[in-house]
Amino acid sequence: MTFAQPELAILTSAFLGAGITGMFFSVYARQRRREFLAKLADISSERDIVTDYINRWVAAVSDGGSRAELLQMLLKTVERSTGATASCVFERQEDDTLLAAASHGLFPPLRAMKNFSTRAELIDHLLKRESYKLGDGLIGGIGNNREGILIERPRADARVYHHDDPALRLLSLIVVPISFQDTLFGVLALANPRGARGKKHFTKHDLQLTVALAEQAALALHNSDLVSLRLKQNRFDFDLSVASSIQTMLLPGAFPKNSQLDISACYHPAQRVGGDLYDVFELSEGQIGVAIADVSGKGVPASLLMAITQSHLRHLARMHNSPAKVLSEMNKILQPEIRQDMFVTILYAVIDPEGHSIVYARAGHELPILAGNGRTEFLMSDGIAIGMAAQTIFDGSMEEKRAAFAKGDRLILYTDGLTEAINSIGEEFSSRRIAQLSQQNMEGGAEELNNRILKAVENFSGRREQEDDVTLLTIRHL
């Protein structure tokens, strides 16, 4: 086949055009492929960075890492993933200010500063940082509205202060909240990417990535707070357990052996440790010291004061035969030291089984009950609680009395956790009911009477939670 000259020219042109176009598309495809592979590498790098970041956060939280360590970890990660040359976390304080808690690079203040004569003074100021109130400026505003922003060209944005110093020039800025649910932990700010591959400004992708990392940080900080709280709770529980064990050790585990006395005691604190006290100990010439006390309040403070009271009681009881003198000396020791909102009610008695008598003094405590054959009486005496008044007033109110304690009699001592137990209509159990039960159960032993009283209180109050420490001490003269 032959072609005319014009036809040959057209074909030649077509082939040449196709070759040039093919070459153009081949170059374009190679360029697009390089761009695609670069983006794929970036995505893979970001994935590795984020995965490593999450793993290290989990490990740090599990190991009880400090808040400062966690924040530094966040800054390193966002700088690696966005290329930021400066970053800062403004941590929320208890007074709702946002204070720089961690920073990398020379992060410029976002509002006007005073003039500094030297670069050293400027750097020192930047290291100390200024604080922002919630709603104050760009940082405080992000803390308030909880939405991240990208400012690609800060010099054109009125919200950003422009410094004359080239070292403080802002080329691009990202600010995002560090928040989880309703809790704001702080605000994260990034400045000026490094310019790799011509990058001079942060992108929307950088913003999205920073928001995601800040959200992960907030979740980790939330979990860190929970772990810290649990550790503190565990330490507190351990301390309470130790305090409870010590308190149990302080209470008498066994009573003095005396063939003429049947003694039983019950102690039920409202919390793991309490402020009630009972004690029974031997004195000279076959006498027995008996005490019951109630420290105002509950929990650890009351238990500590209870332990101090018991220590003084045993020491003073061996120094003085008179119960009134013992309580007077105890007030002299404790009143200057005791907190103004705390006091101790106490009854101390000396029982003489051979002499069939009780000598007692009462410092504001519940009236003891003496139940015998055919009679039940409250043993009356005056006295105010230890720690409530100066020594002259305390001694002036104190009254020591003696009562007969015949065979078959019972002495019942108790705290107001029993008498003030209430039923469904708000009625108190009262000491009157204890006296009635004491008279109605004269045949059984001390333990049996205690059990009957406690059961009656339980039936009276129903399923109501115990609000106060309960202590009951019964001594029966055999």
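Going by the structure shown, is M319 in a loop (DSSP other than H, G, I, E, B) and in the same structural domain as G417 (by TED's automatic domain parsing)? The answer is yes for M319. Quick one: would you say A385 is in contact with a strand residue (DSSP E or B) (Cβ under 6 Å, 6 or more places away or on another chain) and closer than 27 Å to L305 by Cα? So A385 fits the description; yes. Would you please name the residue that is farthest from the chain's Cα centre (by Cα), looking only at residues in segment 220-251 that are modelled with pLDDT under 75 and acidic (D, E)? Only one residue fits best here, namely D239. Scanning segment 142-165 for residues that are part of a loop (DSSP other than H, G, I, E, B) and closer than 25 Å to F180 by Cβ yields a total of 3. Looking only at residues in segment 179-219 that are in a loop (DSSP other than H, G, I, E, B) and of a type outside the set (D, E, K, R), the one that is modelled with the lowest pLDDT is G195.
Residues in segment 405-428 that are surrounded by 21 or more Cβ atoms within 10 Å (Cβ to Cβ) and either within 37 Å of the chain's Cα centre (by Cα) or of a type in the set (A, V, I, L, M, F, W, C) (or both): F405, L411, I412, L413, Y414, T415, G417, L418, A421. Only residues that are in a helix (DSSP H, G or I) and under 28 Å from G286 (Cα atoms) were counted in segment 358-394, giving 0.
If you filter segment 400-430 down to residues that are of a type in the set (V, I, T) and assigned to a loop (DSSP other than H, G, I, E, B), you find that the one that is nearest to G355 (Cα to Cα) is T415.
Would you be able to say whether some residue in segment 287-304 is in a helix (DSSP H, G or I), modelled with pLDDT of 90 or more and more than 27 Å from the chain's Cα centre (by Cα)?
Kept after step one, since they are in a helix (DSSP H, G or I), are these residues of segment 287-304: 299-304.
Retained after the next criterion (residues that are modelled with pLDDT of 90 or more): none.
No, segment 287-304 has no match at all.
Screening I358 on (1) out of contact with any Asp or Glu (no Cβ under 9 Å at 6 or more places or on another chain); (2) under 26 Å from L472 (Cβ atoms) shows it passes everything except condition (1). Looking only at residues in segment 158-180 that are farther than 18 Å from S87 by Cα and without any contact (Cβ under 8 Å) to a residue 12 or more places away in the chain, which one is farthest from the chain's Cα centre (by Cα)? The extreme case among them is D164. All conditions but one from (1) in a helix (DSSP H, G or I); (2) closer than 20 Å to A361 by Cβ apply to R433; the one that does not is (2). Evaluated against (1) part of a strand (DSSP E or B); (2) farther than 22 Å from D276 by Cα, N459 falls short on exactly one condition, (1).
Are any of the residues in segment 459-470 modelled with pLDDT of 90 or more and buried (at least 21 other Cβ atoms within 10 Å of the Cβ)? Among the residues of segment 459-470, at least one is modelled with pLDDT of 90 or more and buried (at least 21 other Cβ atoms within 10 Å of the Cβ), which makes the answer yes.
The values are calculated or read from the model by the stated rules, or taken from the named source; none is laboratory data. Quick caveat: nothing in here was measured; it's all calculated off a predicted structure. Ideal geometry is used to build each Cβ from the backbone, glycine not excepted, and the neighbour counts take in all protein chains shown.
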